[in-house]
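Worksheet: the structure to be examined is printed underneath.
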Amino acid sequence: LRNRDVISKRGMGAMAGWCRQNFLNFSSLNMISDLRKNVSRELEGLGFPPCSQQGYHNRNGDYNPAFLQASICAGLYPNVAYRRQGDVNFSTMANRKAKMHLSSVNAVKSQPLSAKCQVAEDAVELVVFGELVKGKAMFTMENTTHLVSPLPLLLLCGQLHIRPIQFAPTESSASTNKAILSLDDWLVFLCEPETASALVVLRRRLDWAFSRITSDPHNFTELPVDIKDAVDTLSTVLISSHKAAPKR
């Protein structure tokens, strides 16, 4: 959108050419730009600091892909789908099989999401979509983006539950204790108990921070130390998980 604002000053022809070159819809981009202005105006009217103003709320800028993906994920949830190694199609939260819409950049043959899933056997490939369209044979997903880490889901979306699980001993190893993180009884992740507990504690503190900020936006920059620590930890975790994800 920042590029759109700069290029639009050159005229409509330059703007239309830039959209074609980058596979962007001219009308949709203008609509999103207007929506951004309207939302910003409404938030300022509720007491939130202006998005153009420098301060704690703008400390990470507006171009970090980790924050952009987390925002898209939180805003569009439950419009999330996953697939496992070797799968061609994705499964949505409503257990519907879906694939990329043919008009999507992600449907181009050179894109990973258009081919069979190549992730590790114990991993999942996640995608966030704007709309699910029913076709003659199956559903297709529009306005898609690959979600490189499941952490935005675990920390910002749905209902998160944790329960312990113990694996029986084998001939070569003793019994092991693990934890299961379940998101809305849909996505299930197996991890170390300490990691699961830390994520659940952070999630609860973030829920508290969100409630505090939305109930008193005028004091957004004067958060208690524990709430500010939770928000800062979220920033660190999102950036770290995004950088640690395998390159595509």
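Here is how the numbers come out for the structure above:
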item: In region 150-248, the GluC sites (Glu not before Pro) that fall in loop regions by DSSP, at most 13 other Cβ within 10 Å; result: Glu171, Glu222
item: FRET efficiency, Gln111 to Asp34 (Cβ-Cβ, R0 41 Å, nearest 0.05); result: 0.90
item: Label-point gap, in nm, between Thr195 and Asn89 - each point 7 angstrom along Cα→Cβ; result: 3.1
item: Length-normalised contact order for region 139-206 - Cα pairs under 8 Å, 6+ apart - percent; result: 28
item: Sum of -39500 (n - 2.57) over DSSP H runs of 4+, divided by residues of the chain (222 nm, nearest 500); result: -13000 deg cm²/dmol
item: Percent accessible area from carbon and sulfur atoms, the chain, protein chains only, probe 1.4 Å; result: 54
item: Share antiparallel - DSSP beta bridges, the chain, percent rounded to 5; result: 90
item: Estimated FRET transfer efficiency (Ala120, Ser27; beta-carbon r; R0 51 Å; 0.05); result: 0.80
item: The chain - accessible surface per residue (Å², probe 1.4 Å); result: 63
item: Spacing of the two label points (7 Å from each Cα toward its C-beta) at Ser175 and Lys228, in nm; result: 4.6
item: Ranked by how many other beta carbons lie within 10 Å on average, peptides 195-203, 148-156 from highest; result: 148-156, 195-203
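The values are calculated or read from the model by the stated rules, or taken from the named source; none is laboratory data. Worth saying up front: this structure is predicted, and the values here are computed from it rather than measured. Quick reminder, even Gly has a Cβ in these numbers, built from the backbone with ideal geometry, and neighbours come from all protein chains shown. Keep in mind that these areas ignore ligands, DNA and RNA; they rest on the heavy atoms of the full protein, side chains included. Shrake-Rupley method; radii C 1.70, N 1.55, O 1.52, S 1.80 Å.
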